[in-house]
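Values in this text are rule-based calculations from the coordinates and carry no lab data. Quick caveat: nothing in here was measured; it's all calculated off a predicted structure. Here the Cβ positions follow ideal geometry from the backbone for every residue, glycine too, while neighbour counts run over all protein chains shown.
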């Protein structure tokens, strides 16, 4: 398999308006993710909401094997046309990694068909992300769990379709659980949702969290390049009877 | 469980413009389905595209436990607002049974997140619908397969998310297979796709086909009435530590 | 559907040797379960390890729609022949509800193909059993979670095949999570594993726990009576070509 | 990932007693499989039933990442002790590829928990193996289907647990369908069942069939080496409350 080409997409708004966030991520939340993936040998670009076409032109997507997505305060500003473009690429085989508050993004809800709702609480509490499927490629190299001392809580019920594969389940100090690492296939494309990453915590500097994103990028990269046809195909009667 | 209330929704256009169809279904394709379900003791209404709000007002949906859906030539005429209304009700617990060419309806594609594409051929060929999951409630009372002497062919690859449960797989005389009976959960609602039912064949008079639709209505009816909240819920920190 | 016939199977050893257990369950752990199911209108028998053939004769199983199973200290005393008999009945359509320490029983491991291993700790800690699939019949009538003030902890990784349906996930005060309510199909039979029920706690007097067992019995009862053939079937060539 | 080490296990009996088989496979059915996998760069050994310990010593299994299994007339001669040894290795992470009549082997039935039954017919009929999950690594490089002009028929209902992933469905000329490419996880190990390969046909010389076995070996190879502990683990109370 050729080196996966990853585009790290980031809303990039909180950092410009909330000092609490820019103190933690002075170069944006996308920067430590992109840096890590690059160091592991992947071919990495970044794109952000305020670029033309949100940085997701046809040309960029055509050269993207895996797209990661973090958004929160401006989900509604993402243009429907770009969302449809991303969906089409996923169905054609591009991998998609949705991070944290991306559970409520247009693209995630469009691919899932559900509301993406969940419970949440900001209380700087402890999270333990337990490995449920220890033989899964996304869990490669991890121990039994990842522990984050301070994170936002997300709790069930998380309104998603049943994951095709459930890799992680989180435990929160305050009493909740959450399906934190979920895999689905849509068309020829793979989708992975990964829970942690609140903007006021240095979660995307955590080496185990980064390792998961890297593993997921390897897992989600398409295995072959030919897309499935996106239009209905009328087929002639093959005359096995003749 | 109370008697399920079923609304049989039908596009009802082919019958008005194609004599070939009205010859088979003089009262519309919805009529034999509604009649059969009523005879089994269900509480049945019908609704059609050309009624105001397509017959799917808030009031009608609020009193519908299971909605069946057949559409084909006028998918694009179904208003987006009504599609969103139906989706919301499914997420709140209403069952949805999508029939035949409904694979390409707005509501099915919206709930699936995929294109709904497939192969097809009109060659009046034989179909055998094999029971794959013989213990499933939707297969209750059937033999090993249902045989239809003349149907339209639908072939793989069918662009759907992996079904949560796969009940039927079809064999076609011309050389294709198809996942013909597929179950998913979306929110609190159950969705069943059932393949047969081309408008020029008397498929919806076939007692085994009707039995499947009845079984599916029983299976898809919600078990309880309280909906899940559709908005995010911020929860206070429960102080197990105090 | 006729009234499900349930056999509540219990190892019934702890109560005879551990005062701590007989203080909580003076008539055995099976008694409150059987009593509750009877009160809900099910047709209920009990059977225990020390009866001839463990109380699971061919005749008893032939009249059992759903079998519940609690065992712990004497898993190894269950005869292989009886285990195979139970397995065969499950494949033919009998439901099986495996409770708590039954995760390590011969019958559960035989049906799963895995070790059934897990983590555990006896520390009288709080458990919250979260409802993950709120539209599932087994979750009918429950709130968001069941809270048990004192239970034994079971933790991941639980060595089971991926459940076909995941209904509950537990949170434990000490920091663990566990897939607490898991559904599988084996042959025509349905299998449900339900976690709580340590012998020193009055868990099987908890009305919500009992409600889950009742819901599961309804869910697991077979929908039809004819078994699938247990031997290979050689079929003649059907000559569609002729 | 290091080069996967594959052990191609073969019953190797038909070739010694049936001229019809040795005419097709003069060096045994395992030979063309092993040869192909070697040519693709995998590290390949073979092992057969009549070797001591069936060629599957602890030492051999310890150095095997993926085991392929073909057996038919002598399933009952495989020693239970060796079956348990293979199962343990699968749960620890070894991949297992079960071929054709291996559906009735002790190891497959032990890992599945079901009977492995199916329908069958020897009528030299045409099989089409349709790709259902075109983005799956096991389908890499294939077209829409593999066509085999002459094969034994296997038909549903195939008594297996619902596959975690369904890659292929077969169509047979005589009127049947079959889930031909099925994936499961057991413990840390991956299991793939692949249908074609009757001993009187040159199926294992077919380049597409061989390609699937190669793809499956890549997919099934474990991602990491540390096994999960096979015994229960009692864990101390972690005192988050202190």
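Remark: relative contact order (the range D:110-182) = 39 percent; criterion is Cα-Cα distance under 8 angstrom and separation of 6 or more residues.
The orientation-averaged projected area of the convex hull spanned by the Cα atoms of the range A:16-57 comes to 3.5 nm².
Computed over the range C:1-84, the convex hull of the alpha-carbon atoms projects to a mean area of 5.9 nm². With contributions of -39500 (n - 2.57) from each DSSP H run of at least four residues, the per-residue ellipticity at 222 nm computed over chain A stands at -6500 deg cm²/dmol. Structural descriptor for chain D: relative contact order 21 percent, calculated from alpha carbon pairs under 8 angstrom and at least 6 residues apart. Each label point was placed 7 Å from the Cα along the Cα-to-Cβ direction; for residue B:48 and residue D:63 their separation is 7.5 nm.
Taking a ≥ b ≥ c as the square roots of the eigenvalues of the alpha carbon gyration tensor, the range A:164-213 is oblate, as a/c is not under 1.5 and a/b does not beat b/c.
In the range C:60-157, Cα pairs under 8 Å separated by at least six residues give a relative contact order of 26 percent.
With a 10 Å cut-off around each Cβ of A:81-91, the average count of Cβ atoms from other chains is 1. Of C:133, D:50, the sequence from fewest to most neighbouring Cβ atoms within 10 angstrom is D:50, C:133. GNM remark for chain C: springs join alpha carbons under 10 Å apart, and the peak mean-square fluctuation among C:41, C:197, C:55 falls on C:41.
For chain A, modelled as a GNM whose springs connect Cα atoms under 10 angstrom apart, the maximal fluctuation among A:19, A:190, A:110 occurs at A:19.
Each of D:200, C:7, B:68 was scored by other Cβ atoms within 10 Å of its Cβ. Arranged with the fewest first, they read D:200, C:7, B:68. For the range C:193-217 versus the range C:153-168, the inter-centroid distance based on Cα atoms is 17 Å.
Each residue of the range D:62-166 gets 131 Å³ once the volume of the Cα convex hull is shared out per residue. Annotation for residue A:149, label-to-label distances across the other copies: 3.4, 7.1, 7.7 nm (shortest first, one decimal, point 7 Å from Cα along Cα→Cβ).
Could you tell me which of rounded, prolate or oblate describes the range C:115-182, using a ≥ b ≥ c as the square roots of the eigenvalues of the alpha-carbon gyration tensor, with rounded for a/c under 1.5 and, failing that, prolate when a/b is larger than b/c and oblate otherwise? The shape class here is oblate.
Of all chain D residues, the closest to the D-onto-A rotation axis by Cβ, with that distance in whole Å, is D:164, 4. Mean partner shielding of peptide A:107-119, defined as the number of other chain Cβ atoms within 10 Å of each residue Cβ, is 5. Taking the label point 7 Å along Cα→Cβ, residue B:81 and its counterparts in the other copies are spaced 2.5, 7.3, 7.7 nm apart, in ascending order.
Does the protein assembly as shown classify as rounded, prolate or oblate by the C-alpha gyration tensor (a ≥ b ≥ c root eigenvalues; a/c under 1.5 gives rounded; else a/b over b/c gives prolate, otherwise oblate)? In terms of gyration-tensor shape, rounded. Taking B:186, B:157, B:195 as the candidate residues, the one with maximal mean-square fluctuation in a Gaussian network model of chain B, Cα springs under 10 Å, is B:157. When the Cα atoms of chain D are aligned to their principal axes, the ranges along those axes come out at 71, 39, 35 Å in descending order.
Considering the zone a paramagnetic label at residue C:124 would reach in this model (a point 7 Å from Cα along the Cα-to-Cβ line), which residues of the range C:186-203 have amide N under 20 Å from it? So the set is C:196-203. Shortest first, residue C:50 label-point distances to identical copies amount to 5.4, 7.7, 7.7 nm, with the label point at 7 Å from Cα along Cα→Cβ.
Remark: spin-label model distance residue D:2-residue B:18 equals 6.2 nm, labels positioned 7 Å along the Cα→Cβ axis. Each residue, residue D:39 and residue A:40, gets one label point 7 Å from its Cα in the Cβ direction; the gap between the two is 3.5 nm.
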